[in-house]
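The values are calculated or read from the model by the stated rules, or taken from the named source; none is laboratory data. Here the structure is a predicted model, which is why all the values come from computation and not from measurement. So basically every Cβ, Gly included, is an ideal-geometry build from the backbone, and we count neighbours across all protein chains shown. Surface accessibility is based on the protein's heavy atoms, side chains included, excluding ligands, DNA and RNA. Shrake-Rupley method; radii C 1.70, N 1.55, O 1.52, S 1.80 Å.
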Amino acid sequence: MHTHLTNDDTLLFIGDSITDAGRDRADAASLGNGYVSEIARSLREGGESGPGPRIVNRGINGHRVYDLEARWTTDVLDEEPTVVTVKIGINDTWRRYDKGVLSPVTEFQACLDRLLAVTAQRLAPRLVVITPFLLPVEPGQEAWFEDLEPRIEAVLRAATRHGAQVVRADLVLQRAAHDHRAADLAGDGVHPTPLGHRLIADAWLSTVGAESDPTAQ
């Protein structure tokens with residue numbers, strides 16, 4: 001699969017607060033201060049000519065997969081992106097533990113599956129899925145893995161079914177936690193620090209946007 005991104009590409013990122021990263025909702029061009037803006041900066045700095053790909057951030061904090069489905073047509077399909085990146089799942093787990101709101105893994109996977117299917121059918125873009133992750137920092141967060149681990153597997157199954165590239169943020173951050181304190185990567189175990197966001201951006205770039213990928217044809 002080609003990896004080179006061009007000035008003609010539109011990269012759309014959609015998800016929860018990790019994608020949102022404090023973007024200005026009143027400014028359609030705002031990318032927030034997270035991994036999306038880090039990716040944009042790297043692509044600008046690495047670009048040989050032209051403005052680089054158009055980048056759109058449609059993350060909204062607090063969203064679960066069903067919230068994405070409710071806004072998918074306007075926030076994704078209508079933008080006609082050539083690369084769609086979805087990062088969702090941690091709130092589907094979190095709401096179980098802080099509010100008792102369940103998101104059964106089978107329903108979660110079916111919803112994500114529908115989103116990837118309609119996108120592939122309507123636009124045939126490159127699809128990218130970033131796995132949800134957790135670096136336990138707060139008391140009780142270890143227990144969340146009972147819900148989160150099957151959800152990560154569901155994300156991987158949906159990605160495989162639709163030929164999506166996968167960015168294993170869960171593994172990247174777990175590995176980084178061998179060299180850094182968990183709180184230095186995600187202050188509350190969920191929301192990345194600038195270092196955590198940079199690691200996710202680097203993982204996305206190496207998976208999707210590497211212009212010097214030796215395997216690229």
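For E142 paired with E45, estimate the spin-label separation in nm (one decimal), with each label point 7 Å from Cα along the Cα-to-Cβ line.
3.8
Relative to the present Cα-Cα distance, how much length would full extension add between N7 and R122 at 0.36 nm per residue of separation?
Full extension of this stretch gives 39.2 nm more.
As an exercise, use a Förster radius of 30 Å and the Cβ-Cβ distance of L77 and K99 to find the FRET efficiency, rounded to the nearest 0.05.
0.50
When DSSP assigns beta bridges and you keep just the ones with both residues in the chain, what percent turn out antiparallel, to the nearest 5?
5
Which order do you get for L112, L31 if you rank them by accessible area with a 1.4 Å probe, largest at the top?
L31, L112
With a 1.4 Å probe and all protein chains left in place, how much of the accessible area of the range 134-217 comes from carbon and sulfur atoms, in whole percent?
53
So, with +1 on the Cβ of K and R and -1 on the Cβ of D and E, and no other charges, what is the size of the charge dipole of the chain about its Cα centre, to the nearest 20 debye?
Charge dipole, the chain, about its Cα centre: 240 debye, nearest 20.
Before I look further, what does the range 80-151 give for accessible area per residue, probe 1.4 Å, in whole square angstrom?
That works out to 42 Å² per residue.
Which cross-chain or sequence-distant (5 or more) residues have an amide H under 5 Å from the amide H of G59, H modelled 1.01 Å from N in plane?
The answer is G15, D20.
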